[in-house]
Amino acid sequence: MIIPNRYYEIEKYDKEFLSFLEGKEYEELYINTLVEKDYIKKLGYLESFPNYLYSAYAIMPERYETVTNKADVDKEDLEENGRFLIHAGCMEVYPYYAANRKGKNMIFSLRSKAFRHEDETNEARLNEFTIREFVFVGTTEFIEENMIEMQEKSLDLANRFGFNARLESASDVFFPSKKNI
């Protein structure tokens, strides 16, 4: 099924979310779609969340002509290249911070595509989606102050969108897995 282009709708909501950072100093990051297997391993995703990962394969050069002639791709045409499609944009922030901004109170804003292999897809659980993330890194006071402000702004936005929203402590985990349950 092809989903209609919702670019303008996404842009409208994205501008609303970006307004949360108005008057704040932040750094906008571009997030790559592919991440290296070594990084996925380092983060422990292969042990914790292998069910969510999509591996990226390339067509082998010696199979280009075959693929072209048959206008199809089979498993024997592919080679593993050590890359995965990114499943959470924020995972790229932390090595960047450690290498370039360590020790500073920072706000990072990023908009990326995310890819997750879901056992069941529906309106809430998609295989591919666009995500806007704000990542706050720094002192406990800096993070808590900004968290409270972001919660208030999120609640206000949800109510403006017509939801009967409230804040509650979460009892579920972001990524359910054997290690997180």
Are any residues in region 60-79 open to solvent by 80 Å² or more (accessible area, probe 1.4 Å) and in contact (Cβ under 8 Å) with a residue 12 or more places away in the chain, and if so, which ones?
-> Glu76
Being in a strand (DSSP E or B) and more than 30 Å from Asn159 (Cα to Cα) narrows it down to one of Glu62, Glu79, so name that one.
-> Glu79
When you go through Glu133, Glu141, Glu92 one by one, which is the residue that is over 20 Å from Thr33 (Cβ atoms) and not small (Gly, Ala, Ser)?
-> Glu141
Can you tell me which residues in region 49-59 are free of Cβ contacts under 8 Å to residues at least 40 places away in the same chain and not in a helix (DSSP H, G or I)?
-> Ser55, Ala56, Tyr57, Ala58, Ile59
Failed item, numbered, when Leu85 is tested on (1) open to solvent by 40 Å² or more (accessible area, probe 1.4 Å); (2) on the phi > 0 side of the Ramachandran plot; (3) touching a residue at least 40 places away in the same chain (Cβ under 8 Å) = (2)
Among helices (runs of 4 or more DSSP H) lying entirely in region 6-48, which contain 2 or more residues that are touching a strand residue (DSSP E or B) at 6+ places or on another chain (Cβ under 6 Å) and surrounded by 13 or more Cβ atoms within 10 Å (Cβ to Cβ)?
-> 7-18, 37-43
Hey, can you tell me all the residues within region 118-130 that are open to solvent by 40 Å² or more (accessible area, probe 1.4 Å) and in contact (Cβ under 8 Å) with a residue 12 or more places away in the chain?
-> Asp119, Asn127, Glu128, Phe129, Thr130
Do we find a residue being in contact with a strand residue (DSSP E or B) (Cβ under 8 Å, 6 or more places away or on another chain) and either closer than 30 Å to Leu21 by Cβ or among the small types (Gly, Ala, Ser) (or both) anywhere in region 61-76?
-> no
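Yes or no: region 95-117 includes at least one residue that is in contact with a helix residue (DSSP H, G or I) (Cβ under 7 Å, 6 or more places away or on another chain), over 23 Å from Phe134 (Cβ atoms) and open to solvent by 60 Å² or more (accessible area, probe 1.4 Å).
Within region 95-117 (the criterion being in contact with a helix residue (DSSP H, G or I) (Cβ under 7 Å, 6 or more places away or on another chain), over 23 Å from Phe134 (Cβ atoms) and open to solvent by 60 Å² or more (accessible area, probe 1.4 Å)), the answer is yes, since at least one residue qualifies.
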Which of the residues spanning region 124-181 are part of a loop (DSSP other than H, G, I, E, B), over 26 Å from Tyr45 (Cα atoms) and modelled with pLDDT of 85 or more?
-> Thr139, Phe161, Gly162, Phe163, Asn164, Ala165, Arg166, Leu167
Within region 12-30, which residues are within 16 Å of the chain's Cα centre (by Cα) and under 19 Å from Asn100 (Cβ atoms)?
-> Glu28, Leu29, Tyr30
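The values are calculated or read from the model by the stated rules, or taken from the named source; none is laboratory data. The model shown is predicted, which means the values in this text are computed figures rather than measured ones. Because the Cβ atoms are built from the backbone with ideal geometry, glycine has one as well, and the counts that use them run over all protein chains shown. Side chains included, ligands, DNA and RNA excluded: accessible areas come from the protein's heavy atoms. Shrake-Rupley method; radii C 1.70, N 1.55, O 1.52, S 1.80 Å.
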